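Working notes, structure below.
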Amino acid sequence: MKTRKRFGQHFLHDPGVLKKIVDAIDPARGDVVVEIGPGEGALTRPLLARLDRLTAIEIDRDLAAGLQANGLTVICADALEFDFSTLPVGLRIVGNLPYNISTPILFHLARYADRVRDMHFMLQKEVVDRMVAKHSTPDYGRLSVMLQTRFAMQKLFKVAPGAFRPPPKVESAVVRLVPLKETPACDAALFEKIVREAFSARRKTLRNALPLEPRDYEALGVDPKLRPENLSPADYVRITNACAR
């Protein structure tokens, strides 16, 4: 099957890597598993071998038409627009996500965190490093803050370009996301706005990047001379609540 650049397709074919992914997911027969971007079915087949049923979401009509197996339901749709609330609670979402749209997909899926049991994705290593980065480190940014307030995340292992066809120009990594039991106690839309504005001016100090008065920084115990990457996700939750007041 010829890959299509507009879909960012890189088909995983290495049996050893596929086994490591399935072992990391460790699916049980009755689990409700959804695979995003199954492609040619390289991961789909070993997953089905350990499941009673599997749902796959594939945007490429030709690939979707070629995916047929007992227990497999194929939905030809764009995962960026798919309503995951139509699927049962307790979802386990997996996939080799298209690297060109991986961040928008992660933000889309975060909206359904309360319906998800866990998620396992193959992503560009650089993206995974940003997801799990601690504050005050070079990789820490908007993606880190937005996801760390909803998920506990773990980088599981790296994957070399040769495991794919065609090989991508970057290293890849597999990451696990598990929803946190408690969601941030703040206005979600305001939180997203503040985090976006802060990191759009990440080289500025907080005094120039955030809509706070000097007395607000004092009340919060935050140094206005710090930069946005120096604040933890919990700090951004506190700042959101201060702005809401």
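The values are calculated or read from the model by the stated rules, or taken from the named source; none is laboratory data. Given the structure is predicted, the values throughout are model-derived calculations rather than measurements. Backbone-built Cβ (ideal geometry, glycine too); neighbour counts: all protein chains shown.
Per the conditions (1) within 21 Å of Gly141 (Cα to Cα); (2) surrounded by 13 or more Cβ atoms within 10 Å (Cβ to Cβ); (3) in contact (Cβ under 8 Å) with a residue 40 or more places away in the chain; (4) more than 19 Å from the chain's Cα centre (by Cα), the sole criterion not satisfied by Leu212 is (3).
Of the residues making up segment 214-231, at least one is assigned to a loop (DSSP other than H, G, I, E, B) and either in the same structural domain as Pro98 (by TED's automatic domain parsing) or of a type in the set (Lys, Arg) (or both).
Report yes if some residue within segment 81-88 is without any contact (Cβ under 8 Å) to a residue 60 or more places away in the chain, surrounded by 14 or more Cβ atoms within 10 Å (Cβ to Cβ), under 12 Å from the mean Cα position of the chain (by Cα) and part of a loop (DSSP other than H, G, I, E, B); otherwise report no. Scanning segment 81-88 turns up no residue that is without any contact (Cβ under 8 Å) to a residue 60 or more places away in the chain, surrounded by 14 or more Cβ atoms within 10 Å (Cβ to Cβ), under 12 Å from the mean Cα position of the chain (by Cα) and part of a loop (DSSP other than H, G, I, E, B).
Anything in segment 105-163 that is assigned to a strand (DSSP E or B) and closer than 23 Å to Lys181 by Cα? List them, or say none.
Taking segment 105-163 as the starting set, the residues that turn out to be assigned to a strand (DSSP E or B) are 116-124, 151-159.
Of everything in segment 105-163, those that are assigned to a strand (DSSP E or B) and closer than 23 Å to Lys181 by Cα turn out to be Val116, Arg117, Asp118, Met119, His120, Phe121, Phe151, Ala152, Met153, Gln154, Lys155, Leu156.
The one condition from (1) touching a residue at least 24 places away in the same chain (Cβ under 8 Å); (2) touching a Lys or Arg at 6+ places or on another chain (Cβ under 9 Å) that Ser200 does not meet is (1).
Scanning segment 44-71 for residues that are surrounded by fewer than 20 Cβ atoms within 10 Å (Cβ to Cβ), part of a helix (DSSP H, G or I) and in contact with an Asp or Glu (Cβ under 7 Å, 6 or more places away or on another chain) gives a single hit, Ala64. Going by what's in this entry, would Pro166 be described as closer than 30 Å to Gly95 by Cβ, without any contact (Cβ under 8 Å) to a residue 12 or more places away in the chain, out of contact with any helix residue (DSSP H, G or I) (no Cβ under 8 Å at 6 or more places or on another chain) and not small (Gly, Ala, Ser)? Criteria not met by Pro166.
Residues that are at pLDDT 90 or above and hydroxyl-bearing (Ser, Thr, Tyr) were ranked within segment 165-209; the one that is surrounded by the most Cβ atoms within 10 Å (Cβ to Cβ) is Ser172.
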